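Accompanying notes for the structure given below.
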Amino acid sequence: GAGATPANAVYVIYTSGSTGLPKGVLGTHRALMNRLAWAEAAFGLAHDDVLCQKTRIGFVDHAAEIFQALVSARPLLIVARAQAGSPAGLADALAAGGVTRITLVPTLLKAMLALERPLPALRHIFCSGEALVLGDEAAALARCFPNARLSNVYGSTEVGADVSCHRAAGWDALPAGPVPIGRAIANTDAWVLDERMNRVPLGVVGQLYIGGAGLARGYLGNAAATAASFVPHPFASQPGERLYNTGDLVRMDASGT
């Protein structure tokens, strides 16, 4: 309508409930559009790019999968549920559709590696949803995805899906062990704080808080949970700014990674 603003809710998506009862997250137009604009600016979209939607609409990744294609006027392959639930079926769909970029949870990425099936059309693989920990998979990744680069992205439903990104220079540049979650995306800030909301020194473990354009309005009909997770920003430049407490422990290096 005529009164719509970027702060209006664009969806309500429920959390998994892994840390309590599921909560309905009120994501905003601002958060979704910031995520889409960042991805297009950071990674570009070629004239022959083909995007893919394979995530259930109950999970926040589906929004970027669908709307990245719509806002950029690129083809979108919608993978049937039966195919998306099987690594081999998904590989068949990607190959047949000529998909060039996809988001995969690390578990699914590794399951597709086990197929030993090359997918040369893929150019961008985004890992999200779980910690990405690698062993000696670099050679298998290069065989299966010979033309692709991997980006490890981090986020949650409460912050518009993705708020940080680590772009690997190549398959052989990926570390054995945990892959960094990278630096904050555009219009987003990441803070590593102690229990008193003070910044911890570089390299010291603290709790990760997120601020900026990606924050949701809060939890639908749950003011107490909203207040507990979306807290006043102690270093705000504008009145009313908030930080989202991710609950995750991290450490930041001198580069901001």
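The values are calculated or read from the model by the stated rules, or taken from the named source; none is laboratory data. On a predicted model such as this, the values are computed, not experimentally measured, just so you know. All Cβ positions, glycine included, derive from the backbone under ideal geometry; neighbour counts span all protein chains shown. SASA here: full protein model, heavy atoms, side chains in, ligands and nucleic acids out. Shrake-Rupley method; radii C 1.70, N 1.55, O 1.52, S 1.80 Å.
Just a few scattered comments:
- Listed by position, the strands (runs of 3 or more DSSP E) contained in segment 186-257 that have at least 3 residues being open to solvent by 30 Å² or more (accessible area, probe 1.4 Å) are 188-193, 242-250.
- Scope segment 33-42; condition surrounded by fewer than 18 Cβ atoms within 10 Å (Cβ to Cβ) and touching a strand residue (DSSP E or B) at 6+ places or on another chain (Cβ under 8 Å); matching residues: 42
- Subset of segment 11-32 that is among the hydrophobic types (A, V, I, L, M, F, W, C) and in contact (Cβ under 8 Å) with a residue 40 or more places away in the chain - its residue that is surrounded by the fewest Cβ atoms within 10 Å (Cβ to Cβ): 12
- For segment 158-216, a residue qualifies if it is acidic (Asp, Glu) and touching a helix residue (DSSP H, G or I) at 6+ places or on another chain (Cβ under 9 Å), and the qualifying residues are 158, 162, 172.
- Filter result for the condition that a residue is under 20 Å from the mean Cα position of the chain (by Cα) and surrounded by fewer than 21 Cβ atoms within 10 Å (Cβ to Cβ), over 169, 176: 169
- Members of segment 76-98 that are open to solvent by less than 50 Å² (accessible area, probe 1.4 Å) and under 19 Å from the mean Cα position of the chain (by Cα): 84
- Taken together, the residues in segment 1-56 that are more than 29 Å from residue 225 (Cα to Cα) and among the polar types (S, T, N, Q) amount to 1.
- Filter pass, residue 162 being outside any strand (DSSP E or B) and either more than 30 Å from residue 12 (Cβ to Cβ) or out of contact with any Ser or Thr (no Cβ under 9 Å at 6 or more places or on another chain) (or both): no
- Some residue of segment 35-45 being under 13 Å from the mean Cα position of the chain (by Cα) and aliphatic (A, V, I, L, M): yes
- Residues of segment 118-136 classified as surrounded by fewer than 16 Cβ atoms within 10 Å (Cβ to Cβ) and not β-branched (Val, Ile, Thr), total: 6
- Flag for residue 2 being farther than 26 Å from residue 80 by Cα, touching a Lys or Arg at 6+ places or on another chain (Cβ under 9 Å) and either among the hydrophobic types (A, V, I, L, M, F, W, C) or in contact (Cβ under 8 Å) with a residue 24 or more places away in the chain (or both): no
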